[in-house]
Amino acid sequence: MATGTSSASENCDGLDAAVGDNLAFIADQLVFPDALSEARIANREAVIDQLEQRRAAAGCTGEVEVPDADPNAALNGGAAENCDGLDTAVRNNLTFIAGQRQNPDALSEARIANRQAVIDQLEDRRHLAGCTGEVTLTPGG
């Protein structure tokens, strides 16, 4: 996996891990499909596209490998979504947006739009996974 950081506070290891997690989820959906798999896969592909844009902007290099499917995914009806993990991902993106608004630079507007698109995708995933409640900057807040 690629490593490095940029002045935009993007972490290549974290972005690579996020891409890998989404690729793993898609692999699980392909191995253990259900009625919503097609929509979930399309959603994850859009998230990966956003993450790849962020990787490019951060100067991340290298290819993220597709992990093996999770054999435990079938125990969860093929859906490997975790509401706590999705909530954390939304919260992390909200924190990044807040930081960009507090200390803007020439690329802040584009970064905020990118992160908002990721949040929109995550919110769709939260809905499909049956997650409830609004995610705020502080857990439980």
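Only protein heavy atoms count here; on that basis, with a 1.4 Å probe, Cys60 has an accessible area of about 20 Å².
Give, as a single signed number, the net charge of other residues whose beta carbon lies under 12 Å from the beta carbon of Glu109, with Lys and Arg counted +1 and Asp and Glu -1. After counting each charged neighbour, the total is +2. Seen through its C-alpha gyration tensor, with square-root eigenvalues sorted a ≥ b ≥ c, segment 10-51 comes out oblate because a/c lies at 1.5 or above while a/b is not bigger than b/c. Using the Cβ of Leu15 as centre and a radius below 11 Å, the other residues enclosed give a net charge of -3, where K and R count +1 and D and E count -1.
Each peptide in 40-48, 20-28, 91-99 was scored by the mean count of other Cβ atoms within 10 Å over its residues; highest first, the order is 20-28, 40-48, 91-99.
The values are calculated or read from the model by the stated rules, or taken from the named source; none is laboratory data. Note that the structure is predicted; figures quoted are calculated from it, not measured. Virtual Cβ from ideal backbone geometry, glycine too; neighbours counted across all protein chains shown. These area figures cover heavy atoms from the full protein model, side chains too; ligands, DNA and RNA do not enter into them. Shrake-Rupley method; radii C 1.70, N 1.55, O 1.52, S 1.80 Å.
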